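See below for the structure under consideration.
The values are calculated or read from the model by the stated rules, or taken from the named source; none is laboratory data. None of the values given here were measured: they were computed from a predicted structure. Positions of Cβ are generated from backbone atoms using ideal geometry, with glycine treated the same way; all protein chains shown enter the neighbour counts. Each accessible area value is taken on the protein alone, full model and side chains, heavy atoms only, with ligands, DNA and RNA left out. Shrake-Rupley method; radii C 1.70, N 1.55, O 1.52, S 1.80 Å.
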Amino acid sequence: MWEVGDRVVVTRGIKASSVFETKAKGTVIAIDESAIPVLVEIDGTETSMWFYENGDDLVWGGITCTRAKKRKNNYY
């Protein structure tokens, strides 16, 4: 289950010029109970996008986000 504030990492992104490129980091900023439940914003870009939940991943088209693991006080 995802919660607002959860950190994510794009594990499969789209072309390198996109803010949703692989290894981009973001934060869950909203959750909706509708068909597209999780809104992710990429850090430092003010760009956000809705994703579907797929197990412990978030997916939309060719983009996959995975829950970031916490290491000490930083996320990767």
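In this structure, is Y76 at pLDDT 90 or above and open to solvent by 80 Å² or more (accessible area, probe 1.4 Å)? Criteria not met by Y76.
For the range 47-70, the candidate set comprises residues that are exposed (fewer than 12 other Cβ atoms within 10 Å of the Cβ) and assigned to a strand (DSSP E or B); within that set, the residue that is nearest to the chain's Cα centre (by Cα) is N54.
Residues in the range 1-46 that are among the β-branched types (V, I, T) and assigned to a loop (DSSP other than H, G, I, E, B): V4, I14, V19, T22, I36, T45. Before we move on, is I31 within 16 Å of T66 (Cβ to Cβ) and at pLDDT 90 or above? It is false that I31 is within 16 Å of T66 (Cβ to Cβ) and at pLDDT 90 or above.
Can you name the condition, by its number, that S18 falls short on among (1) modelled with pLDDT of 85 or more; (2) surrounded by 14 or more Cβ atoms within 10 Å (Cβ to Cβ); (3) among the small types (G, A, S)? Failing condition for S18: (1).
Taken over the range 23-46, the criterion of being over 11 Å from the mean Cα position of the chain (by Cα) and of a type in the set (S, T, Y) is satisfied by S34, T45. Residues that are open to solvent by 50 Å² or more (accessible area, probe 1.4 Å) and modelled with pLDDT of 90 or more within the range 34-44 comprise E41, D43, listed in sequence order.
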